[in-house]
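Asks: I'd like to ask some things about the structure below.
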Amino acid sequence: MGLADTFERIVDSLPEDWTDLELDLRIADESRYVETALYLATCNARPYSHHDWHWRLLVAHNFGHAAAPQAVHAALRLLDEAGVEGEMALRETRSGRVEVTQMWGRPQSVREELRRLRAQ
């Protein structure tokens, strides 16, 4: 199973109210580290300096300071297409958190749009 399929399976197993998750990624062939880093730059993966795993992937569901699931999936699919093999481990997941948005001075249309987006 490829990295993109593994990621999709992990995301599908999460509850509806998940807000963010952290994954570790390790590639099988370390000679392809630089090539892999180029693909993972699109989802802002954090490299480890002295660790058994190579990257930490931070993923946000609807809000937050992390990559969107679609961006992570696309980067992992590019790795699969390039023939980069590896493994992922789910390290942490958080759910039930709520975005805090300052609404003072915003028009009613913005407030209604944010309320509609958060209701999904």
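The values are calculated or read from the model by the stated rules, or taken from the named source; none is laboratory data. Because the structure is a prediction, the values reported are computed rather than measured. When we count neighbours, we look across all protein chains shown, and the Cβ atoms used for this are built from the backbone with ideal geometry, even at glycine.
Asks: Conditions first: (1) assigned to a helix (DSSP H, G or I); (2) within 26 Å of Leu117 (Cβ to Cβ); (3) not aliphatic (A, V, I, L, M). Pro15 passes all but one, so which condition is the exception?
Replies: With respect to (1) assigned to a helix (DSSP H, G or I); (2) within 26 Å of Leu117 (Cβ to Cβ); (3) not aliphatic (A, V, I, L, M), Pro15 is out only on (1).
Asks: Another question, if that's okay. Among the residues of the stretch 75-98, what is the count of those that are more than 19 Å from Asp17 (Cα to Cα), touching a residue at least 60 places away in the same chain (Cβ under 8 Å) and small (Gly, Ala, Ser)?
Replies: Of the residues in that region, 2 qualify.
Yes/no per residue for (1) part of a helix (DSSP H, G or I); (2) touching a helix residue (DSSP H, G or I) at 6+ places or on another chain (Cβ under 8 Å); (3) among the aromatic types (Phe, Trp, Tyr):
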site: Leu76; (1), (2), (3): yes, yes, no
site: Leu79; (1), (2), (3): yes, yes, no
site: Leu90; (1), (2), (3): no, yes, no
site: Arg94; (1), (2), (3): no, no, no
site: Thr101; (1), (2), (3): no, yes, no
site: Arg106; (1), (2), (3): no, no, no
site: Val110; (1), (2), (3): yes, no, no
site: Glu113; (1), (2), (3): yes, no, no
site: Leu117; (1), (2), (3): yes, no, no
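Asks: Counting only residues that are in contact with a strand residue (DSSP E or B) (Cβ under 8 Å, 6 or more places away or on another chain), surrounded by 12 or more Cβ atoms within 10 Å (Cβ to Cβ) and modelled with pLDDT under 90, which one in the stretch 89-109 is nearest to His54 (Cα to Cα)?
Replies: Across the stretch 89-109, the extreme among qualifying residues is Thr93.
Asks: If you don't mind, another one. Scan Ala41, Ala28, Ala66 and give me the residue that is surrounded by 14 or more Cβ atoms within 10 Å (Cβ to Cβ) and either in contact with a His (Cβ under 8 Å, 6 or more places away or on another chain) or small (Gly, Ala, Ser) (or both).
Replies: Answer to the check: Ala66.
Asks: What's the number of the only condition in (1) in a helix (DSSP H, G or I); (2) within 30 Å of Arg118 (Cβ to Cβ); (3) of a type outside the set (A, V, I, L, M, F, W, C) that Ser31 fails to meet?
Replies: (2)
For every residue, the table says whether it meets (1) in contact with a strand residue (DSSP E or B) (Cβ under 8 Å, 6 or more places away or on another chain); (2) surrounded by 17 or more Cβ atoms within 10 Å (Cβ to Cβ); (3) assigned to a helix (DSSP H, G or I); (4) among the aliphatic types (A, V, I, L, M).
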residue	(1), (2), (3), (4)
Phe7	yes, yes, yes, no
Ile10	yes, yes, yes, yes
Glu22	yes, no, no, no
Glu35	no, no, yes, no
Arg56	yes, no, no, no
Asn62	yes, no, no, no
Gln70	no, no, yes, no
Glu87	yes, no, no, no
